[in-house]
Structures are given as structure tokens and as C-alpha cells.
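Peer 1: Before I ask anything, here is the structure I am working with.
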Amino acid sequence: MHADVPHLDAWFIDEVDPTVSPVKAKGVGELGLTGVAPAVANAVYNATGVRVREYPLTLDKHLDRLPAMASATA
């Protein structure tokens, strides 16, 4: 498993709930989302050098931590 995602236990519950959906299926789509936030945070770090440690990741919370842009004048 990826280092940024903690260990995850998946429990499969074998019971029918006819009110959930017409095919009596239950959602497991959440499992695929566990790595998205760490991946975005690492992308921000790779692009800016600023490590993100809190969510939601919004520009206003991290703008003051961005490194100053180098002057374009020669």
C-alpha cells in the first residue's frame, strides 16, 4: 500500500437491503477515493515545495506559504 494511505480494513456484509437499489447492491466506491487526497497533496508539494497537512486543500489557506517568485528582471 502507498505510504501516504493508512492501512484500510474492508468488511463485506452479506445481507440484502432491497431499499438500497433495484439490483440490491451496496456501494463500495469509497474505497477508490482513499488515495485521492494524499495524491493531490503530493502533487501540490511537487509543484510548489509546500507540504499540505490539512484539508480541505484551498488556495487561501496555503497562499502565504508559497515561496516568493524570482524576479523576472535581469
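Every number in this text was worked out from the coordinates using simple rules, so none of it is lab data. Here the structure is a predicted model, which is why all the values come from computation and not from measurement. Every residue, glycine among them, receives a Cβ derived from its backbone with ideal geometry; neighbour counts consider all protein chains shown.
Peer 1: Extension gain Asn46-Ile13, at 0.36 nm per residue separation less the Cα-Cα distance, in nm?
Peer 2: 7.9 nm
Peer 1: Let me ask you something else. Which order do the peptides 38-47, 55-64, 4-13 come out in when sorted by mean C-beta neighbours inside 10 angstrom, highest first?
Peer 2: 38-47, 55-64, 4-13
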